[in-house]
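One structure is given here, and the rest of the page talks about it.
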Amino acid sequence: MRLFSTEQISKYHPDKYADQISDAILTECLKQDKNSHCGIETMVKDNTVVLGGEITTGATIDYEKIVHSVAQKLGYSVDKVINLIGKQSQQINSAVLSSEDFGAGDQGMMFGYATADTESRLPFGFDLANKIIHAIENDVETNPDTPFKGDAKTQVTVDLDAPADLDSVYSILVSACHKETATLEDVKRSVVVILMDIFGDHALPELIINPSGVWTIGGATADCGLTGRKIVCDQYGGYCAVGGGAFSGKDPTKVDRSASYMARHIACDLLEKHGLSWCEVQLGYAIGVAEPVSVCVNNDKKLDLTEEVKANYALTPGGIIKALGLYDKDYEKIAEGCHYRRECKW
């Protein structure tokens with residue numbers, strides 16, 4: 001038995017709160033000016049939001065309005081917005097725009113992964129963690145009697161030596177911030193109801209619910225939130241490698257984001273085309289250079305698919321943006337959870 005744990009957090013978690021603010025600003029920049037170059041960082045603590053990073057855009061942005069809109073959506077209050085956003089370095093900007101098909105916004109390596117184990121093409125344990133968190137979020141938003149406030153985390157542990165199904169689940173941990181009027185027993189009952197709906201006729205595994213006890217103070221009051229601190233939750237839950245860069249707040253010229261989306265898209269395509277059990281694609285880039293410096297494909301059949309990828313997919317930043325329609329995405333919505341969940345198929 002090889003036990004492996006993965007986790008997911010809700011969109012009400014302070015780090016996700018920060019991600020959504022950064023991506024809400026990005027979405028508005030691109031809506032008004034598709035040539036916007038953005039690297040937006042957000043920190044949330046208590047009722048204060050600090051904005052940082054760099055933006056070069058022709059858009060007119062009401063930063064405070066956007067911050068308050070995201071906060072209101074999540075049920076949080078903001079008393080103060082500190083704006084430290086500057087303009088992108090002209091040296092970096094000139095490097096990115098130096099070629100006919102503009103160069104990558106930064107260097108780095110990006111990974112895409114897909115598995116045949118689930119409809120979402122995400123690893124089974126991580127897919128289950130996503131479902132649990134989504135169910136808690138749905139309860140917060142649709143059930144007036146919910147004990148949950150919204151801020152929540154789950155950790156799913158599975159046996160990697162068993163088939164990837166519900167019988168392989170060894171334990172589930174859920175920590176959920178709850179209302180002052182709710183007891184721990186209320187929380188446990190609600191979590192069990194949610195899990196029974198997901199597991200159906202399958203027996204529930206070992207459950208660990210709010211192991212620290214009463215949790216009524218959550219969000220940015222309990223924990224400072226930062227953009228980009230949950231890159232594993234945004235991607236594959238620890239089942240495979242991820243690149244060094246975060247996604248949120250970055251426009252599509254930043255290959256940290258766009259090339260990761262393309263690598264995932266390619267991995268899903270190759271999985272279907274070649275009947276693979278799993279596929280991993282790595283792309284590497286140099287700042288200011290359009291074409292990737294490396295392309296690497298790994299899969300369970302050990303097929304050499306690198307040349308196929310180079311021949312059939314646009315791998316320059318401009319080509320990726322066009323192929324995936326990255327100037328027209330609602331990045332705030334994408335930042336609410338795993339960027340590769342089914343409704344965000346690339």
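Annotations
- With a cut-off of 19 Å on the backbone N, the residues of the stretch 274-293 near the modelled label site 7 Å out from ASP300 along Cα-Cβ are 274-282.
- Cβ-based exposure ranking for CYS177, CYS240, in which fewest neighbours within 10 Å come first: CYS240, CYS177
- For VAL193, VAL187, the sequence from fewest to most other C-beta atoms within 10 Å is VAL193, VAL187.
- Computed [θ] at 222 nm, helices only, for the chain once each DSSP H run of length n ≥ 4 contributes -39500 (n - 2.57): -10500 deg cm²/dmol
- Projecting the Cα positions of THR253, ILE320, GLN282 onto the charge dipole of the chain (unit charges on Cβ atoms of Lys, Arg, Asp and Glu, taken about the Cα centre) puts THR253 furthest along the positive direction.
- Check: the stretch 249-346 dipole with +1 on Lys, Arg Cβ and -1 on Asp, Glu Cβ, in debye: 100
- Options TYR340, ALA162, PRO144, ranked by Cα towards positive dipole end of the chain, top entry (Cβ charges): TYR340
- Stretch in the chain that is longest and holds no trypsin sites (Lys or Arg not before Pro) that DSSP places in a loop and that have at most 15 other beta carbons within 10 Å: 180-300
- Mean projected area of the Cα convex hull of the chain, taken over all directions, amounts to 17.6 nm².
- With the convex hull drawn over the C-alpha atoms of the stretch 197-270, the volume per residue is 186 Å³.
- Gyration tensor over the Cα atoms of the stretch 15-89: the corresponding equivalent ellipsoid has semi-axes (square roots of 5 times the eigenvalues, largest first) of 21, 13, 10 Å.
- Taking every DSSP bridge with both residues inside the stretch 15-89, close to 65 percent are antiparallel.
- The stretch 147-268 - convex hull of alpha carbons, volume per residue in Å³: 144
- Helix runs (DSSP H) in the chain reaching 20 Å along axis by Cα, Kyte-Doolittle at least -0.5: 124-142, 184-199, 255-274
- As a proxy for reagent exposure, VAL78, VAL281, VAL297, VAL174 were ordered by neighbouring Cβ count within 10 angstrom, fewest first; the result is VAL78, VAL297, VAL174, VAL281.
- Taking only the Cα atoms of the stretch 214-332, the ratio Rg/Rh comes out at 1.04, with Rh defined as the Kirkwood radius.
- Antiparallel beta bridges, as assigned by DSSP with both residues in the chain, represent about 80 percent of the total such bridges.
Any read-out appearing in this document is the output of simple, stated calculations on the displayed coordinates, not a laboratory observation. Nothing here was measured: the structure is a model prediction, and the numbers come from that model. Here the Cβ is made from the backbone with ideal geometry for all residues, glycine too, and neighbour counts use every protein chain on show.
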